[in-house]
1. Just for the stretch 101-122: of the residues that are touching a Lys or Arg at 6+ places or on another chain (Cβ under 9 Å) and not in a loop (DSSP other than H, G, I, E, B), which one is surrounded by the fewest Cβ atoms within 10 Å (Cβ to Cβ)?
2. Is it the case that some residue within the stretch 88-100 is part of a helix (DSSP H, G or I) and under 25 Å from the mean Cα position of the chain (by Cα)?
3. So which residues in the stretch 96-119 are out of contact with any helix residue (DSSP H, G or I) (no Cβ under 9 Å at 6 or more places or on another chain) and aliphatic (A, V, I, L, M)?
4. For Ser19, all conditions in the list (1) surrounded by 10 or more Cβ atoms within 10 Å (Cβ to Cβ); (2) at pLDDT 75 or above hold save one; what is the number of the exception?
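The values are calculated or read from the model by the stated rules, or taken from the named source; none is laboratory data. Everything numeric here is computed off the predicted structure, so don't read it as measured data. A quick note on method: Cβ atoms are made from the backbone with ideal geometry, for glycine too, and the neighbour counts reach across all protein chains shown.
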Amino acid sequence: MNAVLSVQGNSFSEETKPSFLSRVFNKKTALKVTKAALPLAVLASFFPDVAMATTTATDLMKSGDTTVKGTFGKSSSVVKWVVLAEVIAGGIMYMMTKNVKFLFGFAIISTFITIGMSVAGY
């Protein structure tokens, strides 16, 4: 027994919608971006000090640096209390769920905090 299937036309539309990338990255939008960015690039090349703001910038947070180091530095009590709170929270979460992930998760968080503080210079 031979069965032959015939299709009476397409069940899908032959017109395809342009892709997202072709709608965003086309000549018209590239021209708009160029028109907006070119004057700024020309001004930045003529006045690099203004564009980079290197000569007029002052560090407004410099005066509070010693206070932050005293409060959140390596030997400060805040860091010790945060680590102690992490250990207690990890122990409580472990006892409630009997899941070791909570116990080791807080140890990993305290390690990341220590590394982050050393990278930041505290």
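1. We begin by selecting, within the stretch 101-122, every residue touching a Lys or Arg at 6+ places or on another chain (Cβ under 9 Å); these are 114, 117-118, 121-122.
Filter once more, keeping what is not in a loop (DSSP other than H, G, I, E, B): 114, 117-118.
On the way: Thr114: 13, Met117: 15, Ser118: 10.
Within the stretch 101-122, the match that is surrounded by the fewest Cβ atoms within 10 Å (Cβ to Cβ) is Ser118.
2. No, the stretch 88-100 has no match at all.
3. Correct list: Ile108, Ile115, Val119.
4. All conditions pass for Ser19, except number (1).
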